[in-house]
Structures are given as C-alpha cells and as structure tokens.
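The values are calculated or read from the model by the stated rules, or taken from the named source; none is laboratory data. The shown structure was predicted, so the numbers you read here are calculated from the model rather than taken from an experiment. No Cβ is skipped: glycine too gets one built from the backbone with ideal geometry, and neighbour counts run over all protein chains shown. Each accessible area value is taken on the protein alone, full model and side chains, heavy atoms only, with ligands, DNA and RNA left out. Shrake-Rupley method; radii C 1.70, N 1.55, O 1.52, S 1.80 Å.
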Amino acid sequence: MVEVIREKVIPFYSEVAVNGIYIFKGYCMTNMVIPQLPVLYETENSNIFLIKSPTQENIEISSKSLSKHFAHGDIIELNYHTKTIKNVLSSLSNENTLLLTEQCENRCLFCSQPPNDLPDTHLYQKATLALLNYNSQQLIGLTGGEPTINKDAFIGLMSALNQFGNNTPLHILSNGRNLGDYDFFEKLIGETNNREIIWGIPLYGHTSSLHNMIVGIKEAFSNTLEGLLNLSTTRHTIELRIVVVKQNYRYIKNILAFINSNFPVIKMISIMKLEPMGWARKNYEDLYVSVDEQNNFLHGALTSFNLKRFDIKLLNYPLCLLHEGLRDYAVKSISDWKNYYPDECNKCLVRENCCGYFSSSVNSYYEKPKAML
C-alpha cells in the first residue's frame, strides 16, 4: 500500500445504525427553503461527534481522525455497515467530484470504473442535496459512468439547482453522445444556459475507426461529434480529452489537427496519461506505452503547427518523465485521495510543481521516476 496525500475514507464507531450524508461541524444554512442535510456537530471531546434528531435521542459517533480530514461545512457520508466516513465534498480537497451513475453506453478499453446496470436515481438525488448544502463557488465535478445516461435524472438535478438558486460552477465528464439528441439537448440548455459549465468530452481518434475501436461502440464517433456541434452553439466551455494509449499515441498530431480544423470554438485540450485502474489495469499490456516512447510524438504534435488559441495541458505526467520541452504543459492533476509520490521523489527539486503518481501505479504498473536534482 502507498501513502496517499489525503485519505478519502476514514473509520468511525457508533452503537446506533447511522447512514447517509451529513454536513460536518455545525454548518448553518441561511436559505431555509433549501432541503437541508442533518448536521454532525462537534462536542467538547475532540473524538466524539453528535447527530441531533428532533424525532429520537441524539446519536453519538466516535472517530479519532474526523477533524483532521474534514472541515467546517464539508459534506460527508456515513456507512454503518462498513463503519466508514467518506468524503463527498470538502474544502480541504484539491478536487471535488460527485459520482452520478455507474452506467455507461460506451465500453472504453481503459475505463477506470467499469460500467454496470445498478440503479442510479439515488446517486443523482444525493448529488443534488450535496451541491445545494455545500453551495460553493469552487468548480465541482460530475462524473460516472456517463452522467447524462439517465436523462430525466440529469435534467432533474439541474432543475433542482436552479429552483433553489444554486449557481455552483460545474465540470461534467461526458462522452457527449447524448448531447446529439436534440430534444434532450434543448431541455438541458434550458436548465443550464446561465450556469458556468465545462464539458470534459473524450476524442481518442481523428477517424471513426480509431475512436470507435478504443471506446468499443461503432456509432460513438459520429454521436460524439453531433454532441460537440450542439455544444458549440452554447456559452458553455468544451474541454476535449485525449487519453494516450498504444492505439493512438502516434496520431496525437492528427487528432489535434482534426480539432483545429473542425471545432474553432474549442479552446481547451487535455492530453492524459493512462490511470492503471479497472479495465486499464486488466488490459494494461495492450494499452500502456511508456512516456519515453510518447515524448517525441507529444512534442511533435505540440510544435507542428500554430496551437496558440488552445489551452493545452498534459495531465497525470510526472515532470521527470517528460522531455524538457513538454514540462511547461504539465499540471498537477491527480486527485489528492489517489495521489502519492514515490520515495525517489523526496529529493527532487521540482516535486512541489509535479503531479506525482496515481496510487494504483505500483509494481508492474509503475514507471520509475528520475529525480530532478
């Protein structure tokens, strides 16, 4: 086990069954119209916390590390069966993301969270309550699965946020395919046109054959392009995402040229190193290409023509593995709850500016760092 920067799940104890999401440390809502979450209060004992209930006796829970890992106003989830407290939204985290569903119509070769058909309505409802009670101006991520696969639930989430005056900016990870459904798209824009939204949408190839092969669905490329064309008519921001694998690393320049020629409204492009989780871990030998092998193709792509209109970032790439000419594109992109730095990084002079490694990047899924001294 590696030591991640910040634990997302911590233990607790209670004699009474407690489950669900709560606001931590006595956060008091000023808008009483908003459906409010129950509060987990502090007590004089730093390890004991209290859930006050109007219908039953107050419930005590104990946790030695709760105050260390969460702050006033954070949204947390208690699971009595596993005796764990999980971060839902926290001001201490470098990135907050809400899972809306584990369902997806794509079958990407490297999916880090393989899809299933479990019911998901409760996840949309939980996300709605979390967003309303957190009520932040920080960018919050919505992810899946495919967030828009349950169209009614997704529209319902956006409608509820509007109903209660919430204007939290959102980053939505979506394959973009459902955005090509104009009836759904028209309803969606009616609920989101005045909200700051960044859509993170994947484009893994410059041809239908390449993109469709990677996502495992024949019509995916055309569906995604239709969604992108619809989004291009809105004020929303589009971030195109390219996960680099053996199947497409030689074509990064072609993908950038395709975007440059066909989508003048797009300004953001994220080129991403593979995360060895889920199906990516299962198919790793068939997918992973070392950063050393990627370097020349990445450099060639980013210097081959005028890309000044784009905000291009390299995500999940440790600085030491990149050619010097690429390091300015790299950002600290890995969520703190799955982020670590190997021992070799302790003496590195640029560690503070480096994304480090995924906690899943160990053993045969590990590309050894080269400390920059």
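Values computed for the structure shown
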| item | result |
| --- | --- |
| Qualifying residues in the range 230-243 (those that are surrounded by fewer than 21 Cβ atoms within 10 Å (Cβ to Cβ) and in contact (Cβ under 8 Å) with a residue 12 or more places away in the chain) - the one nearest to I189 (Cα to Cα) | T234 |
| Answer from K246, K218 - the residue that is part of a loop (DSSP other than H, G, I, E, B), closer than 26 Å to P114 by Cβ, free of Cβ contacts under 8 Å to residues at least 24 places away in the same chain and over 22 Å from the mean Cα position of the chain (by Cα) | K218 |
| Residues satisfying the stated conditions in the range 317-366, i.e. closer than 18 Å to V289 by Cα, open to solvent by 40 Å² or more (accessible area, probe 1.4 Å) and of a type outside the set (S, T, N, Q) | H323, Y365, Y366 |
| Residue match in the range 97-107 (condition: in a loop (DSSP other than H, G, I, E, B), acidic (D, E) and buried (at least 22 other Cβ atoms within 10 Å of the Cβ)) | no |
| The lone exception for E146 - which of (1) part of a loop (DSSP other than H, G, I, E, B); (2) open to solvent by less than 20 Å² (accessible area, probe 1.4 Å); (3) out of contact with any Cys (no Cβ under 8 Å at 6 or more places or on another chain) it fails | (3) |
| Unmet requirement for H211, which otherwise passes all of (1) free of Cβ contacts under 8 Å to residues at least 24 places away in the same chain; (2) in a loop (DSSP other than H, G, I, E, B) | (2) |
| Residue match in the range 64-82 (condition: farther than 26 Å from L170 by Cβ, touching a helix residue (DSSP H, G or I) at 6+ places or on another chain (Cβ under 7 Å) and polar (S, T, N, Q)) | no |
| Candidate set: the range 246-293, residues that are of a type in the set (V, I, T) and surrounded by fewer than 18 Cβ atoms within 10 Å (Cβ to Cβ); chosen: the one modelled with the highest pLDDT | V289 |
| The lone exception for T97 - which of (1) under 15 Å from N135 (Cα atoms); (2) in contact with an Asp or Glu (Cβ under 7 Å, 6 or more places away or on another chain) it fails | (2) |
| Residues that are assigned to a loop (DSSP other than H, G, I, E, B) and either at pLDDT 90 or above or crowded, with 17+ Cβ neighbours inside 10 Å (or both), drawn from the range 47-75 | N47, S63, K64, F70, A71, H72, G73, D74 |
| Residues located in the range 1-32, provided they are open to solvent by 60 Å² or more (accessible area, probe 1.4 Å), under 15 Å from A71 (Cβ atoms) and modelled with pLDDT of 90 or more | E7 |
| Pair list, Cβ < 9 Å and 6+ apart or interchain, from the range 165-191 residues that are surrounded by fewer than 17 Cβ atoms within 10 Å (Cβ to Cβ) to residues that are part of a strand (DSSP E or B) | P169/I140; P169/I197; P169/I198 |
